[in-house]
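Notes follow once the structure below has been shown.
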Amino acid sequence: MNPLQRTRKLISDVLSSSQSRSNDIPPYSPFSTSPSKTHKIGKRMGWSKGSRWIQRLCRISPRVTILSLPDEVLLDIFEFRLSYFVDRVRVWSKLVHVCQRWRYIVFASPLRLDLRLRCRDRTPVRKMLDIWPPLPIRIDYSSIDPQAEDNIIAALEHRNRVRNIWFGRIWIPLERLVAVMEEPFPELESLFLHKEGTVPVLPNTFLGGSAPPRLRSLNLRRIPFPTLPRFLLSSNDLRRLSLYRIPHSGYISPEAMATCVSALTSLTYLSIGFESPTSHPDPSNRRPPPLTRAVLPALTYFDFHGVSEYVEDLMAQIDAPLLHHLEISFFNRLVFDIQQVPRFIGHVPALTMPYNSAIIRIYANHVEMTFWARSRSSIDEPLSFKILCRAVDWQVSSMAQICNQFSFILSSIDQLSIDYVGSVRQVDMDDTQWLELLQPFTAVQTLRILSRHIESLIVPALRGLSGELATQVLPALEELQLSGYQASERYNWPFVIARQHSDHPVVLGGLKWRR
């Protein structure tokens with residue numbers, strides 16, 4: 001039973017007995033509140049459902065006041081409303097100033113209400129910590145104000161109370177923060193560090209040399225931490241691990257990364273991303289795949305950004321049977337030879353579901369291919385691949401290599417869309433590159449060209465197909481939807497004429513949005 005349901009039940013009990021107890025309730029008291037004033041308090045606290053229940057109670061009898069509500073009812077209402085706010089301090093600090101009774105109820109249940117003090121850039125930390133009880137501390141810092149450094153350092157000095165640390169775009173020297181954070185933070189639950197510019201390597205003494213036992217979320221952006229695998233050995237309850245734009249100075253080998261994440265049995269979210277393609281395995285030290293692989297039993301989301309050799313070596317050592325979202329971004333390579341990625345996907349039931357739709361989006365600096373099933377939500381795209389390169393011919397040829405290695409997924413795709421996102425660019429490329437991209441899609445029945453710019457590139461490649469080649473490319477195609485289609489051109493295509501003489505005619509038409 002959630003807090004709102006419990007509140008309704010308890011208020012109903014009060015309503016049923018209000019008449020019998022009305023004679024015992026004084027008509028006026030220091031904490032009596034009329035319905036109109038109750039509405040104002042509820043509106044000020046941001047209540048909607050809770051205040052309506054209190055107003056209903058007050059309308060039953062003029063003698064029924066807010067004082068009649070049991071402590072448990074008020075506590076349920078407080079808990080229900082606080083669950084909607086990230087900055088809970090702004091809400092509960094108002095509650096404790098309403099009356100002494102409310103103040104007692106709030107401070108008597110700090111764990112249930114998850115009371116925390118939020119220390120921000122310009123928060124006078126020392127003054128605030130002297131006023132409030134010794135509650136857990138949340139630190140949020142993303143300022144260029146030099147005075148913010150003293151406030152943040154003052155909050156970090158209470159390391160036994162710090163639960164959350166969020167440093168977005170650290171402007172003060174990282175060395176000063178690290179110097180304060182060399183001691184253990186035993187109550188720390190989440191840590192976010194982001195630093196631009198020249199970033200020093202985190203020492204092995206960071207947070208006492210080992211992860212806090214209560215740590216559940218670790219997010220490092222452009223923070224080199226080569227001793228991270230050893231740091232996480234003591235983290236038994238880590239749920240989210242995000243390593244974004246890892247500098248080359250913080251490179252961690254695939255073997256060390258696999259050993260690290262395989263020990264995190266509670267991990268549900270994993271994101272690994274490198275800043276440049278210089279972070280790659282040494283070809284002379286690459287080993288054959290192991291006979292047994294470590295299982296990540298709770299992992300449901302995996303995002304990778306780096307070179308194909310790295311993810312190949314990593315996926316050769318792990319399995320994630322409960323994974324339901326996989327996103328891989330490759331730095332551009334002349335040749336993509338990926339064998340372990342298809343094997344890894346083949347062992348994940350949620351990722352080997354029969355996909356029937358795919359879309360290829362061409363951007364200014366990358367190309368992306370996404371798969372989904374039309375029977376599921378349109379925003380649920382569990383599998384996607386991205387290649388980082390700018391030239392359209394490189395984008396098309398690289399994605400064609402990826403497609404050729406995932407025939408077990410493409411064999412069920414019956415609807416393919418191709419789109420171009422961004423400003424129009426002058427493109428000089430061979431028509432055969434488009435045919436190589438389309439050839440692996442042997443089951444596509446509907447091809448949708450969503451952009452006129454990309455249509456001007458693909459149509460010439462298809463229009464000139466004739467003879468056997470017309471039936472080898474997209475052999476199951478039944479409908480070609482074009483954004484700039486002209487009906488007068490329908491019978492002028494050798495491709496259409498050749499398909500009309502075969503058992504698989506193609507109908508040309510205007511674009512229909514079917515996703």
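The values are calculated or read from the model by the stated rules, or taken from the named source; none is laboratory data. Quick caveat: nothing in here was measured; it's all calculated off a predicted structure. Every residue, glycine as well, gets a Cβ built from its backbone with ideal geometry; the counts of neighbours run over all protein chains shown. Just the protein is used for accessible areas: all its heavy atoms, side chains included, with ligands, DNA and RNA removed. Shrake-Rupley method; radii C 1.70, N 1.55, O 1.52, S 1.80 Å.
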Within the set of pairs 6+ apart or on separate chains, which have a first residue in the range 172-189 that is farther than 15 Å from residue 203 by Cβ, a second that is open to solvent by 50 Å² or more (accessible area, probe 1.4 Å) and in a helix (DSSP H, G or I), and C-beta atoms under 9 Å apart?
-> none
Is there a residue in the range 335-342 that is touching a residue at least 12 places away in the same chain (Cβ under 8 Å), buried (at least 21 other Cβ atoms within 10 Å of the Cβ) and outside any loop (DSSP other than H, G, I, E, B)?
-> yes
Examine the range 362-371 for a residue that is within 22 Å of residue 452 (Cβ to Cβ), of a type in the set (Phe, Trp, Tyr) and not in a strand (DSSP E or B), and state whether such a residue exists.
-> yes
Return the total of residues in the range 100-128 being touching a strand residue (DSSP E or B) at 6+ places or on another chain (Cβ under 8 Å) and surrounded by fewer than 15 Cβ atoms within 10 Å (Cβ to Cβ).
-> 0
Which of the residues that make up the range 223-264 are surrounded by fewer than 20 Cβ atoms within 10 Å (Cβ to Cβ) and under 17 Å from residue 314 (Cα atoms)?
-> 226, 229, 242, 244, 251, 253, 255, 256, 259, 260, 262, 263
Restricted to the range 71-91 and to residues being touching a helix residue (DSSP H, G or I) at 6+ places or on another chain (Cβ under 8 Å) and open to solvent by 50 Å² or more (accessible area, probe 1.4 Å), the residue nearest to residue 102 (Cα to Cα) is 71
Do we have residue 431 as of a type in the set (D, E, K, R), over 28 Å from residue 313 (Cα atoms), over 25 Å from the mean Cα position of the chain (by Cα) and open to solvent by 40 Å² or more (accessible area, probe 1.4 Å) here?
-> yes
Looking only at the range 120-134, and only at residues there that are assigned to a helix (DSSP H, G or I) and under 15 Å from residue 89 (Cα atoms), the one that is farthest from the chain's Cα centre (by Cα) = 131
Looking at (1) touching a strand residue (DSSP E or B) at 6+ places or on another chain (Cβ under 8 Å); (2) modelled with pLDDT of 95 or more; (3) closer than 21 Å to residue 250 by Cα, which is the one condition that is false for residue 315?
-> (1)
